[in-house]
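Worksheet: one structure, shown below.
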Amino acid sequence: MSNGWLAIDPYINHKPKTKKTNRVVLSKEELARLIQKEFTIERLDLVRDIFVFSCYTGLAYADARKLKVLEITLGIDGNRWIHTASKKMDTISRFPVLPVALSIMEKYSGHPQCVSKGLVLPVISNQKMNAYLKEIADLCGIHKPFILPGTLLLLR
């Protein structure tokens, strides 16, 4: 309309509909069970670590996947901080790295994919992550459907 291409607003009577979603909630006990579970299969260990990292940072899958080592800084408090732009929300976030997340970052700091691409974590595809998370939930005795944070996970 501002360019003069349309005489009237075609969306004038359009009312967007919002769909209410029910969030799946993991209890602290379930998260602890997930963290403490020992996996002999490397892919399950990796997926669990990425999931837990996302829980402790609040980063959605897309943001965890693109998180670069250069976005981890040393704050004035002497602790590590994440300074990153959210892909989904188009905002800049700054928050401290909690000890659990820091230990996961350190675990993968020498991973070939992380080293070659300057990434914090070697994140695999969303589809594989969610499929493996279902397998992990079964192995941990968690009988709730849950997927990556930023989608359907909240802690109670």
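Quick one: which of PHE95, PHE146 is part of a loop (DSSP other than H, G, I, E, B), in contact with a helix residue (DSSP H, G or I) (Cβ under 8 Å, 6 or more places away or on another chain), within 27 Å of GLU29 (Cβ to Cβ) and at pLDDT below 95?
None of the other options fit; the residue is PHE146.
Out of (1) open to solvent by less than 20 Å² (accessible area, probe 1.4 Å); (2) under 22 Å from CYS140 (Cβ atoms), the odd one out for ILE82 is which?
(2)
Could you look through the stretch 46-78, keep only residues that are acidic (Asp, Glu) and touching a Lys or Arg at 6+ places or on another chain (Cβ under 9 Å), and pick out the one that is nearest to PRO96 (Cα to Cα)?
Filtering the stretch 46-78 for residues acidic (Asp, Glu) gives 49, 63, 71, 77.
Pick out the ones that are also touching a Lys or Arg at 6+ places or on another chain (Cβ under 9 Å) and you get 49, 63.
Working: ASP49: 18, ASP63: 16 Å.
For the stretch 46-78, the residue satisfying everything is ASP63.
Which of the residues that make up the stretch 83-92 are without any contact (Cβ under 8 Å) to a residue 24 or more places away in the chain and small (Gly, Ala, Ser)?
Passing the criteria: only ALA85.
Assigned to a loop (DSSP other than H, G, I, E, B) and either within 20 Å of LYS134 (Cα to Cα) or out of contact with any Pro (no Cβ under 8 Å at 6 or more places or on another chain) (or both): which single residue out of ASP45, ASP90, ASP49, ASP63 fits that description? Explain how you work it out, then say what you get.
Numbers: ASP45 fails: assigned to a loop (DSSP other than H, G, I, E, B); ASP49 fails: assigned to a loop (DSSP other than H, G, I, E, B); ASP63 fails: assigned to a loop (DSSP other than H, G, I, E, B).
Exactly one of ASP45, ASP90, ASP49, ASP63 is assigned to a loop (DSSP other than H, G, I, E, B) and either within 20 Å of LYS134 (Cα to Cα) or out of contact with any Pro (no Cβ under 8 Å at 6 or more places or on another chain) (or both), namely ASP90.
Which of (1) at pLDDT below 95; (2) open to solvent by 70 Å² or more (accessible area, probe 1.4 Å); (3) not β-branched (Val, Ile, Thr) does GLU30 not meet, given it meets every other one?
Going through (1) at pLDDT below 95; (2) open to solvent by 70 Å² or more (accessible area, probe 1.4 Å); (3) not β-branched (Val, Ile, Thr) one by one, GLU30 breaks only (2).
State whether one or more residues within the stretch 1-13 are touching a Cys at 6+ places or on another chain (Cβ under 6 Å) and either open to solvent by less than 100 Å² (accessible area, probe 1.4 Å) or within 21 Å of LYS134 (Cβ to Cβ) (or both).
No, the conditions are met nowhere in the stretch 1-13.
Looking at the stretch 115-127 only, could you name the residues that are over 12 Å from ALA64 (Cα atoms) and modelled with pLDDT of 95 or more? Don't jump to the end; show me each part of the working.
Kept after step one, since they are over 12 Å from ALA64 (Cα atoms), are these residues of the stretch 115-127: 115-118, 127.
Within the stretch 115-127, VAL115, SER116, LYS117, GLY118 qualify.
Of the conditions (1) free of Cβ contacts under 8 Å to residues at least 40 places away in the same chain; (2) open to solvent by 100 Å² or more (accessible area, probe 1.4 Å); (3) closer than 16 Å to CYS140 by Cβ, GLU106 clears all except one; give me its number.
(3)
Results for (1) open to solvent by less than 20 Å² (accessible area, probe 1.4 Å); (2) hydroxyl-bearing (Ser, Thr, Tyr); (3) under 15 Å from VAL120 (Cα atoms); (4) under 11 Å from the mean Cα position of the chain (by Cα), shown as yes or no for each residue.
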residue	(1), (2), (3), (4)
PHE39	no, no, no, no
LEU46	no, no, yes, no
VAL52	yes, no, yes, yes
LEU70	no, no, yes, no
ARG94	no, no, no, no
VAL97	yes, no, yes, no
VAL100	no, no, yes, no
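Output the number of residues of the stretch 14-42 satisfying the condition of being within 16 Å of GLU135 (Cβ to Cβ), outside any loop (DSSP other than H, G, I, E, B) and in contact with a helix residue (DSSP H, G or I) (Cβ under 7 Å, 6 or more places away or on another chain).
2
Hey, ARG80 hits all of (1) closer than 16 Å to ILE104 by Cβ; (2) touching a residue at least 40 places away in the same chain (Cβ under 8 Å) but one; which does it fall short on?
Exception for ARG80: condition (2).
The values are calculated or read from the model by the stated rules, or taken from the named source; none is laboratory data. Not measured: the values here are computed from a predicted model. Glycine also receives a Cβ, built like all others from the backbone with ideal geometry; neighbour counts cover every protein chain displayed. Keep in mind that these areas ignore ligands, DNA and RNA; they rest on the heavy atoms of the full protein, side chains included. Shrake-Rupley method; radii C 1.70, N 1.55, O 1.52, S 1.80 Å.
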